[in-house]
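Following: one structure in structure tokens, then a few remarks.
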Amino acid sequence: MNKIPMTAEGFDRLREELKRLKTVDRPAIIRAIADARDHGDLAENAEYHAARDRQSFIEGRVAELEDKVARAEVIDVSKLSGSVVKFGAKVTLADEETDEEQTFVIVGEDEADIKSGRLSVTSPLARALIGKGKGDSVEVTTPRGAKSYEVVTVAFG
């Protein structure tokens, strides 16, 4: 069973979503199915079929979240340090063509949000950066072609 690295914040978000699905959404959909059944013929009852579809989605998501929570390896990024890129690192990169700088934090897959600078540890860019230090260059294949970046800074905490 493979562990899934994530920050404590990401782990808490998964647990909160799981709790909401089990305590709020699941009971609500059960009531909606019961109400739709009361309306008669199920073969032509759109409300019933929509509620069953929603129930199927919720149960699938609950199973997925339970698996992720069980396999979670919570990493306390406040205790990390070093001069090379690894999980939890805050990395500033400079595009070698434009000198435009971007800063990312390497986080777990479920926490990734590129717009807020949170880069999944499994992304091609993060995988290329792992083990690199200040001044190192990395080349990554993107949908727009190969891009080269220079590591400007690596920080933790």
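Derivation of every value follows stated rules applied to the coordinates shown; laboratory data play no part. Quick caveat: nothing in here was measured; it's all calculated off a predicted structure. Glycine also receives a Cβ, built like all others from the backbone with ideal geometry; neighbour counts cover every protein chain displayed.
Overview of results
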read-out: Rounded Å value of the spacing that divides the Cα centres of segment 13-32 and segment 41-73; value: 10 Å
read-out: GNM top mover of Pro124, Pro27, Pro143 - the chain, alpha-carbon springs below 10 Å; value: Pro143
read-out: Relative contact order (percent, whole number), the chain, Cα cutoff 8 Å, 6+ residue spacing; value: 25 percent
read-out: DSSP-defined beta bridges in the chain - what % are antiparallel, rounded to 5; value: 75 percent
read-out: Percent RCO, i.e. relative contact order, over segment 4-75, from Cα pairs under 8 Å lying at least 6 residues apart; value: 59 percent
read-out: Footprinting exposure proxy for Arg54, Arg31 (fewest neighbouring C-beta atoms within 10 Å first); value: Arg31, Arg54
read-out: Cα extents of segment 77-155 along the three principal axes, largest first (Å); value: 34, 26, 18
read-out: Length-normalised contact order for segment 107-153 - Cα pairs under 8 Å, 6+ apart - percent; value: 25 percent
read-out: Segment 35-76 - charge dipole about Cα centre, Lys and Arg +1 at Cβ, Asp and Glu -1, debye rounded to 20; value: 80 debye
read-out: Structure-derived Cα extents along the principal axes in Å: which label, when the choices are (i) 50, 41, 25; (ii) 69, 36, 26; (iii) 69, 36, 20; value: (ii)
read-out: Segment 75-96 versus segment 104-124: alpha-carbon centroid distance in Å; value: 12 Å
read-out: The chain: Lys pairs at Cα distance under 24 angstrom, eight or more positions apart or on different chains; value: 28
